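Worksheet: one structure, shown below.
The values are calculated or read from the model by the stated rules, or taken from the named source; none is laboratory data. Because the structure is predicted, anything quoted here is derived from the model rather than measured. Here Cβ is always computed from backbone atoms with ideal geometry, including for glycine, and neighbour counts include all displayed protein chains.
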Amino acid sequence: MERTFENKIKRINYNVYKAIVTYSYKGKLSDIYRDAPQEILPGPQAEIRCCIYKERAILSERFKLAMCDESDRKTVKIIDIACDECPSSGIEIGSSCRSCITHRCKHVCPKNAISIINKKAVVDHDLCVECGECVGACPFNAIKLNRRPCIVSCEANAISLGKNQKAAIDYSKCVECGKCIVKCPFGAISNVSLLLKTIDLLKNKQGKVYAIYAPSLAGQFSYAVTSQLVAGMKKIGFDEVINVAVGAEEVLRGEVKEADEAGVLLSSCCPAFVKYVKKNLPFAEGMLSKQSSPMITLARRIKAEDKNAKIVFISPCTAKINEIKDSGCVDSMLSFEELQAYFDALEVDVSALPKNEKDNSSYYGRIFARSGGLAEGVKTFSKKGLRVCVMQGLKNCKYELLKLKAGKATAEFFEGMGCDGGCVNGALCNWRDNRSKSLNCDYSVKGRKNDFQGE
């Protein structure tokens with residue numbers, strides 16, 4: 001079956017992950033750098049770059065990221081060789097400059113970086129700080145501030161231009177949200193992977209291997225419903241498959257109780273949000289909920305019952321990679337992208353599998369997948385009638401929490417999500433379109449609701 005993808009970068013990732021699974025199961029992983037790039041890109045014509053040899057070189061770098069050492073803590077990385085198509089950031093004065101006599105652009109510049117030469121505005125880029133004042137001052141819209149998509153997208157201000165005009169990540173600021181991965185139009189930013197570890201767990205079992213999947217999985221495969229994906233995961237070797245919504249239900253109960261007692265509480269489910277608070281808003285760190293994330297909550301329950309269990313989280317989130325490494329209870333991860341590639345590498349047609357797998361998770365656990373889901377549960381079950389604030393995207397989180405600091409907040413419970421829209425918009429989703437989100441909503445409303453108890 002021919003697969004469709006959100007964009008070409010997703011297709012490239014799929015081919016990389018599928019090759020890793022295929023070569024691993026054939027016992028030929030040592031040949032992958034030599035053979036796979038040429039198999040995926042046979043040439044002789046290049047598809048998207050200047051030549052086929054550069055395309056293959058970039059593909060080799062993607063293999064290195066996907067197969068990197070598990071101890072590597074830098075989750076998001078720049079592929080330098082692929083980062084060469086964006087124009088340099090900066091102020092650009094175009095041909096629309098009409099040589100006006102008011103020179104508003106020059107007068108508003110706080111660094112005196114604009115001069116008038118031969119009646120035209122000229123920028124001294126050594127003085128310019130790219131504040132953008134001149135852009136708004138020009139009556140002819142002749143001035144433009146060029147900023148690279150990765151820099152614009154990073155709400156933690158962790159990306160800048162480094163050597164040779166390549167993007168560079170300041171890991172002391174990065175919260176691993178993955179927005180830069182999504183926004184880079186040339187696929188020059190990618191993430192490390194735990195795919196090889198998952199393959200090892202499934203090929204060399206020493207006990208049961210559990211897949212616990214994020215409720216945002218629903219709607220991510222246009223050709224299969226969630227119950228078929230569950231059956232597919234069992235086909236590729238998982239012994240048990242459980243919805244993390246079950247863990248979310250327990251977290252909801254804990255956060256409702258904690259919020260009622262604390263008076264003011266910030267959610268702790270999103271690792272990117274938690275890291276952002278700790279790095280940028282230290283006044284709010286003590287307000288973070290003490291509850292573990294739904295993933296960790298469920299994993300601890302499983303390992304309490306089965307000490308030999310190995311647990312793999314099926315995830316849309318780059319920030320979960322380091323959370324897993326630090327958890328002590330979750331052993332590995334498959335992204336939604338990797339899961340699709342795994343199915344196809346082992347020739348598991350999930351669309352042909354039965355739809356009779358039962359999922360008894362509740363509505364309130366399933367809606368953790370979208371922004372506002374946890375807040376809805378807290379509002380519903382709070383005994384004190386707590387007001388809630390739904391924050392999505394790090395800029396919005398910062399804005400609302402600074403209001404809280406200034407005493408201008410209108411809520412007591414604050415739900416923070418690093419991704420706009422929540423986990424259904426995670427960097428490692430297969431799709432982030434309205435159709436997939438609509439399917440996820442349809443899945444959520446089918447969950448148990450009337451018999452769910454918030455305490």
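Observations, loosely collected:
- Search result, residues across the stretch 101-116 that are of a type in the set (A, V, I, L, M), out of contact with any Asp or Glu (no Cβ under 7 Å at 6 or more places or on another chain) and not in a loop (DSSP other than H, G, I, E, B): 114, 116
- Residue in the stretch 136-151 that is among the β-branched types (Val, Ile, Thr), closer than 30 Å to residue 178 by Cβ, outside the structural domain of residue 58 (by TED's automatic domain parsing) and in a loop (DSSP other than H, G, I, E, B) present: no
- Total residues in the stretch 161-183, condition part of a loop (DSSP other than H, G, I, E, B) and crowded, with 16+ Cβ neighbours inside 10 Å: 7
Rundown of residues vs (1) in the same structural domain as residue 222 (by TED's automatic domain parsing); (2) touching a helix residue (DSSP H, G or I) at 6+ places or on another chain (Cβ under 7 Å); (3) not aliphatic (A, V, I, L, M), yes/no style:
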{"position": "366", "(1), (2), (3)": "yes, yes, yes"}
{"position": "385", "(1), (2), (3)": "yes, no, yes"}
{"position": "394", "(1), (2), (3)": "yes, yes, no"}
{"position": "401", "(1), (2), (3)": "yes, yes, no"}
{"position": "414", "(1), (2), (3)": "yes, yes, yes"}
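- The stretch 396-425 residues that are over 19 Å from residue 335 (Cβ atoms), paired with ones that are of a type in the set (Lys, Arg) (beta carbon under 7 Å, 6 or more apart): 409/403; 410/387; 411/387; 412/387
A quick yes/no check of all residues on (1) closer than 29 Å to residue 174 by Cα; (2) modelled with pLDDT under 95; (3) small (Gly, Ala, Ser); (4) in contact with a Gly (Cβ under 8 Å, 6 or more places away or on another chain):
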position	(1), (2), (3), (4)
236	no, no, no, no
252	yes, no, no, yes
303	no, no, no, no
309	no, no, yes, yes
314	yes, no, no, no
324	yes, no, no, no
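- Being crowded, with 23+ Cβ neighbours inside 10 Å, within 20 Å of the chain's Cα centre (by Cα) and touching a residue at least 60 places away in the same chain (Cβ under 8 Å) is not true of residue 298.
- Subset tally (residues that are at pLDDT below 95 and either among the hydroxyl-bearing types (Ser, Thr, Tyr) or more than 26 Å from the chain's Cα centre (by Cα) (or both)) for the stretch 2-29: 1
- Identity of the residue in the stretch 319-371, in a loop (DSSP other than H, G, I, E, B) and of a type in the set (D, E, K, R), that ends up surrounded by the fewest Cβ atoms within 10 Å (Cβ to Cβ): 358
- Qualifying residue in the stretch 384-395 (condition: surrounded by fewer than 18 Cβ atoms within 10 Å (Cβ to Cβ), of a type in the set (Lys, Arg) and part of a helix (DSSP H, G or I)): yes
- For the stretch 397-432, a residue qualifies if it is exposed (fewer than 13 other Cβ atoms within 10 Å of the Cβ) and either closer than 21 Å to residue 317 by Cα or modelled with pLDDT of 95 or more (or both), and the qualifying residues are 399, 405, 406, 407, 408.
- Check on residue 290, more than 24 Å from the chain's Cα centre (by Cα) and either part of a helix (DSSP H, G or I) or over 19 Å from residue 359 (Cα atoms) (or both): no
- Residue within the stretch 203-218 that is surrounded by fewer than 24 Cβ atoms within 10 Å (Cβ to Cβ), assigned to a loop (DSSP other than H, G, I, E, B) and free of Cβ contacts under 8 Å to residues at least 24 places away in the same chain present: yes
- Residue 72 closer than 25 Å to residue 334 by Cα, in contact (Cβ under 8 Å) with a residue 60 or more places away in the chain and part of a loop (DSSP other than H, G, I, E, B): yes
- Filtering the stretch 12-34 for residues that are buried (at least 16 other Cβ atoms within 10 Å of the Cβ), more than 24 Å from residue 237 (Cα to Cα), in contact with a helix residue (DSSP H, G or I) (Cβ under 9 Å, 6 or more places away or on another chain) and among the hydrophobic types (A, V, I, L, M, F, W, C) leaves a non-empty set.
- Unmet criterion (only one of (1) acidic (Asp, Glu); (2) within 30 Å of residue 29 (Cα to Cα); (3) touching a Phe, Trp or Tyr at 6+ places or on another chain (Cβ under 6 Å)) for residue 80: (3)
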